[in-house]
1. Of all residues being in contact with a Ser or Thr (Cβ under 9 Å, 6 or more places away or on another chain) and open to solvent by 50 Å² or more (accessible area, probe 1.4 Å) in region 85-106, which is nearest to Val138 (Cα to Cα)? Just the residue, please.
2. Search region 107-138 for residues being open to solvent by 60 Å² or more (accessible area, probe 1.4 Å) and part of a strand (DSSP E or B), and hand back the single one that is farthest from Gln74 (Cα to Cα).
3. Can you tell me which of (1) over 15 Å from the mean Cα position of the chain (by Cα); (2) at pLDDT 80 or above; (3) surrounded by 13 or more Cβ atoms within 10 Å (Cβ to Cβ) is the one Ser48 doesn't meet?
4. Within region 66-78, can one find any residue that is closer than 27 Å to Gly126 by Cβ and either surrounded by 16 or more Cβ atoms within 10 Å (Cβ to Cβ) or among the hydroxyl-bearing types (Ser, Thr, Tyr) (or both)?
5. When you go through (1) part of a loop (DSSP other than H, G, I, E, B); (2) among the aliphatic types (A, V, I, L, M); (3) open to solvent by 70 Å² or more (accessible area, probe 1.4 Å) one by one for Ala82, which number turns out not to apply?
Amino acid sequence: MRFLSVFVVAASAIVSTLSQTIELGYPTDGAVLKVEQNFNAQVILPYSMASCIDVGIALALNSCTNGVCPQPAQELGSVLYAGPWNPTILKPGVGFYQNFTLQLSEYQPIGQAIFTLTHFCLAGAGPVPYLEYRNASVTIA
């Protein structure tokens, strides 16, 4: 029983440490994205002491219905990018970033939507799989 308690505490520490492994620089909440126009999504990797081997990311957009947006862990919607990423230095001491030029399909419904960054990496010395999401509530025009 004592081993289980130590394991739970260690797992909680790893998750809380990794909770800041990636950020969505753009789009931000309230951004307006236009159908058939390019926009740059920005993914930021802050400096961290956590060990995480990047596997890849996905950038997706999902429409909301009657003000309710799907949970990213259940449904991502239209995937705009999926694959590796190769961030470069943002600012010394701050972290790294990469911009992705994306375009919304002409068939993307107009209105409220959720833009999701999904990040998958292998964390720790074990390592263990780690999946996280960052979201922005956007408007499609």
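1. It comes out as Ser105.
2. Ranking the candidates gives Val128 first.
3. (2)
4. Among the residues of region 66-78, at least one is closer than 27 Å to Gly126 by Cβ and either surrounded by 16 or more Cβ atoms within 10 Å (Cβ to Cβ) or among the hydroxyl-bearing types (Ser, Thr, Tyr) (or both), which makes the answer yes.
5. (1)
The values are calculated or read from the model by the stated rules, or taken from the named source; none is laboratory data. These figures come from a predicted structure and were not determined experimentally. Every residue, glycine among them, receives a Cβ derived from its backbone with ideal geometry; neighbour counts consider all protein chains shown. Remember, those area values only see protein heavy atoms, side chains included, never the ligands or the DNA or RNA. Shrake-Rupley method; radii C 1.70, N 1.55, O 1.52, S 1.80 Å.
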